[in-house]
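First up is the structure itself, then whatever we jot down about it.
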Amino acid sequence: MKAVVVRRFGLDHAALEDVPRPELCPYGVRIRVHAAGVSFANLLVIEGKHQNRWEPPFTPGTEVAGVVLESGAGADRFRAGDRVVAGVRKGGFGEEVVVTQNNVFALPDTVDFDAAVHFPTIYATAYCALKWRARLQPGEILLVHGAAGGSGLAAIEIGKLLGALVIASASSEQKLAAAADHGADLCINYRNGGFREQVLAATGGRGADVIFDPVGGSTFDESLRCIAPDGRIIPMGFAGGTVPSVPANLVLVKNITVIGIYWGYYMGWARQLPPPGMEAQVREAFDEMLGWAAGGWLRPHTQQAHPLADFREALAAISNQSVIGRCVLNP
Ligand SMILES: NC(=O)c1ccc[n+]([C@@H]2O[C@H](COP(=O)([O-])OP(=O)(O)OC[C@H]3O[C@@H](n4cnc5c(N)ncnc54)[C@H](OP(=O)(O)O)[C@@H]3O)[C@@H](O)[C@H]2O)c1
């Protein structure tokens, strides 16, 4: 089969190759991949800069959707022909992938494969961050940075479904138009002098109750200057390239909470396994999110779908900050 293989760290050392099909394992499900999501995290993994660091050679790709070809011993939840979506640790940029069944989810007929790949990471992370970790309440003010990126758009939509008033911040008018189209109530172009003043003006000087930050660096620092008392800030990614430091004195005087979220923990990818019962809770979350998608309440935005051979182009679009939503590969 064809797959993208990284021979040494760096995009220049990745190429489309003929490789053996992955072996079917106990509790594994073999999926014919119809769509794979292309993410900022993929770039970090290819460069050897992600917490999930694989020694080359490896095939990147963590979000896939497609059709089940066969199931291994003990994998009784899926049969050949089922349409599914799955989160994988690696291997998504190939024609086939094998995934343990706990990370495979049934796909409603009305959700197409390109839309489905938005769920294993970006909708799931936004859902978990806002619903489970920050416990976002109806009527609260949610500030979303990187608002037209993959996780940003997902956070806007989930925030609206949870009843929040959503403020979006992004780097261009085109991105803000996308954020508004996905439900943002107020949009701020941070390139015009930052976002703090406008957030304070819009909230009567109080600030945002919950801040979803996939950017980090100075965005995180400025966020601490427009967060409401008792507010929660979620530094969920560092797309800007700088990991911020948390000033504990501000956390104290402002009565705020800094919330960590690593979605991979709930998928069983962290050093410590999630608690018993988590697998069922994750499956319920996917049922709810995919139900929302089937009902038209979530609208994943695929900027562009590329053939697998054009993986470089899709990844380059991420590093030059030009992607709205997600790019997708169709092996
Ligand atoms: N914690 C978790 O479990 C988890 C899960 C998923 C993703 N993540 C992390 O979250 C971050 C965002 O992921 P994503 O999939 O939403 O990424 P994305 O679609 O590429 O969006 C990232 C956004 O960050 C902004 N940005 C600012 N500086 C940037 C730069 N130098 N290069 C690229 N983008 C920049 C861009 O918005 P503007 O142009 O508007 O600034 C962009 O839309 C990544 O660091 C990823 O690894 C973490």
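Coordinate-derived values only; no laboratory data. Just so it is clear, the structure is predicted and the values come from calculations on it, not from any experiment. Reconstructed Cβ throughout: ideal geometry from the backbone, glycine too, with neighbour counts over all protein chains shown.
Overall shape of region 205-276 was characterised from the C-alpha gyration tensor. The equivalent ellipsoid obtained from it has semi-axes of 25, 15, 10 Å, in decreasing order.
State the three equivalent ellipsoid semi-axes of region 131-220, derived from the C-alpha gyration tensor as the square roots of 5 times its eigenvalues, in descending order and whole Å.
Working: eigenvalues 62, 45, 30 Å².
Equivalent-ellipsoid dimensions as semi-axes: 18, 15, 12 Å.
How big is the charge dipole of region 1-127 about its Cα centre, in debye rounded to the nearest 20, if each Lys and Arg gets +1 on its Cβ and each Asp and Glu gets -1 on its Cβ? Walk me through the numbers before you get to the answer.
Working: 13 positive and 15 negative charges, 59 e Å.
Dipole magnitude for region 1-127 comes out near 280 debye.
Only aspartates and glutamates eight or more places from Lys131 in sequence, or on another chain, were considered; those with a Cα closer than 14 Å are Glu140, Glu157, Asp209, Glu284, Glu288.
Using the Karplus relation 6.51 cos²θ - 1.76 cosθ + 1.60 with θ = phi - 60°, the per-residue 3J(HN,Hα) values for region 257-266 come to 10, 9, 10, x, 8, 10, 4, x, 4, 6 Hz, with x marking Gly and Pro. Backbone N atoms of region 138-170 closer than 14 Å to the 7 Å Cα→Cβ label point of Ser322 are not found in any residue. Could you name the lysines whose alpha carbon sits less than 24 Å from that of Lys90, not counting residues in the same chain fewer than 8 places away? Once the sequence-local lysines are set aside, what remains near Lys90 is Lys2, Lys49.
Relative to the dominant Cα principal axis of the chain, helix 278-294 is inclined by about 80°.
Over region 43-115, the Kirkwood radius and the radius of gyration, each from Cα atoms, give a ratio Rg/Rh of 1.01.
Region 107-123 to region 171-244: how many Å between their Cα centroids? Cα centres, region 107-123 to region 171-244: 27 Å. Between Arg53 and Leu24, the contour length at 0.36 nm per residue exceeds the Cα-Cα span by 8.1 nm. How many percent of DSSP beta bridges within the chain run antiparallel, rounded to 5? Antiparallel bridges: around 55 percent, rounded to the nearest 5.
For the pair region 297-321 and region 35-69, the centres of their Cα atoms are 14 angstrom apart. Computed on the Cα trace of region 175-331, the radius of gyration divided by the Kirkwood hydrodynamic radius gives Rg/Rh = 0.99. Phi angles across region 175-185 convert, under the Karplus curve 6.51 cos²θ - 1.76 cosθ + 1.60 with θ = phi - 60°, into 3J(HN,Hα) values of 5, 5, 5, 5, 4, 5, 4, 8, x, 4, 7 Hz, Gly and Pro given as x.
With charges only on Cβ, +1 for K and R and -1 for D and E, what is the dipole size of region 145-290 about its Cα centre, in debye, rounded to 20? Dipole size: approximately 380 debye.
Could you size up the charge dipole of the chain around its Cα centre, putting +1 on the beta carbon of Lys and Arg and -1 on that of Asp and Glu, and report it in debye to the nearest 20?
600
For region 60-208, a Kirkwood radius taken over Cα pairs fed into Stokes-Einstein (25 °C, viscosity 0.890 mPa s) yields D = 144 µm²/s.
Using all pairs of distinct alpha-carbon atoms, the Kirkwood hydrodynamic radius of region 247-328 works out to 16.8 angstrom.
Loop-located chymotrypsin sites (Phe, Trp or Tyr not before Pro) across region 265-298 with a Cβ neighbour count of 15 or fewer within 10 Å are Trp297, with loop assigned by DSSP. Applying 0.36 nm per residue to the separation of Arg312 and Arg7 and subtracting their alpha-carbon distance, the gain on full extension is 108.3 nm.
Shape analysis of the chain yields a ratio of the Cα radius of gyration to the Kirkwood radius, Rg/Rh, of 0.97.
You can think of it this way: the chain between Val246 and Arg79 has 55.4 nm of extra reach, that is 0.36 nm per residue less the Cα-Cα gap. For the chain, set up a Gaussian network in which alpha carbons nearer than 10 Å are linked by springs, and say which option among Ser223, Ser39, Ser245 fluctuates the most. Result for the chain, Cα springs under 10 Å: Ser245 fluctuates most.
With the largest listed first and rounded to whole Å, the semi-axes of the equivalent ellipsoid of region 85-156 from the Cα gyration tensor are 27, 13, 12. A simple spin-label model places pseudo-atoms 7 Å from Cα toward Cβ; at Asp112 and Leu200 they are separated by 4.6 nm.
If each Cα of region 167-234 is one equal point scatterer, what is log10 of I(q)/I(0) from the Debye formula at q = 0.12, 0.20, 0.22, 0.23 Å⁻¹? The Cα Debye sum returns log10 ratios of -0.28, -0.79, -0.96, -1.05. D by Stokes-Einstein for region 5-135, Kirkwood Rh over Cα pairs, 37 °C, 0.692 mPa s: 215 µm²/s. Summing Lys and Arg as +1 and Asp and Glu as -1 over all other residues whose Cβ lies under 12 Å from the Cβ of Phe238 gives a net charge of 0.
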